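Okay, so here's the structure we're looking at.
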Amino acid sequence: LRDASRLASALENAERGLALARDDGDVVALGLLAGRLHLDLGAARQARPHFETALARASDDAGRCEAELGIAESLRIIDDLAGAGAALDRAQAKAEAADLSALASRCRYLRGNLLFPLGRVEECMQEHRAALSLAERAQSPALVARALGGLADAFYAQGQMRSAVEALERCITAARGAG
């Protein structure tokens, strides 16, 4: 409850700042922050307009990629998988073209999560493996943990329990390393 209260307070401040911001860089940063906070609070429909604002004002590939990724995450949560896939395609293309390993890892991870409920487990596993490789390249323990969690789920869905447990143990170790 305390964390939700802090997130709500942070969101209020981000939205207040967004209403006052005039500089494109400030609008993008605050739009992305407000969108993420809405997602953290479970309000995907309210998150999307913030990501769209950030996308409209972003002047670089990283900002556009973050915004498209946020839109994709929002749409996934409200079960618009086709829309999420299209936004994710745009985000991933930008991340890969600009050689942004961490963002590309997040894109691959989300794509794996889009494929999982569709029963496309082998493709899901390929995406999580790609996410893991990119996370390791970016030297991000948090992204490594995320990708390993996705792999653990995919192994579990295929009935490969030993591999699922190994991936989960590696996930826990990486998560602890990320704090």
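Hey, can you list the DSSP H helices of the chain whose Cα span along the axis is 15 Å or longer and whose average Kyte-Doolittle score is at least -0.5?
Passing helices, by number: 2-20, 24-40, 61-77, 81-97, 101-115, 121-138, 141-157, 161-178.
Which whole-number percentage describes the relative contact order of the range 34-179, with Cα contacts under 8 Å and a sequence gap of 6 or more?
Relative contact order comes out at 15 percent.
Test of understanding: in a Gaussian network model of the chain with alpha carbons linked when under 10 Å, which of 20, 32, 88 would top the mean-square fluctuation ranking?
20
Sort out for me the Cα centre separation of the range 147-177 from the range 4-55, rounded to whole Å.
Centre-to-centre distance over Cα atoms comes out at 32 Å.
What does the charge add up to near residue 123, with Lys and Arg as +1, Asp and Glu as -1, over the other residues with Cβ less than 12 Å from its Cβ?
Neighbourhood net charge equals +2.
Taking 22 Å as R0, compute the FRET efficiency from the Cβ-Cβ separation of residue 122 and residue 165 and round it to 0.05.
0.65
Per residue, what accessible area does the chain have, given a 1.4 Å probe and all protein chains present, in Å²?
Result: 52 Å² per residue.
Once you order the gyration tensor axes a ≥ b ≥ c over the Cα atoms, which shape class does the range 105-179 get: rounded for a/c under 1.5, otherwise prolate or oblate by comparing a/b with b/c?
Note, shape of the range 105-179 comes out oblate.
Within the accessible area of the chain, what % is carbon and sulfur when the probe is 1.4 Å and the other protein chains stay in place?
50
Could you sort 141-153, 161-173 so that the peptide with the highest average Cβ count within 10 Å comes first and the rest follow in order?
So the peptides 141-153, 161-173, ranked by packing, come out 141-153, 161-173.
The values are calculated or read from the model by the stated rules, or taken from the named source; none is laboratory data. On a predicted model such as this, the values are computed, not experimentally measured, just so you know. Glycine gets a Cβ as well: all are built from the backbone with ideal geometry, and neighbour counts include every protein chain shown. Heads up: the accessible areas ignore ligands, DNA and RNA and are worked out on the full protein's heavy atoms, side chains in. Shrake-Rupley method; radii C 1.70, N 1.55, O 1.52, S 1.80 Å.
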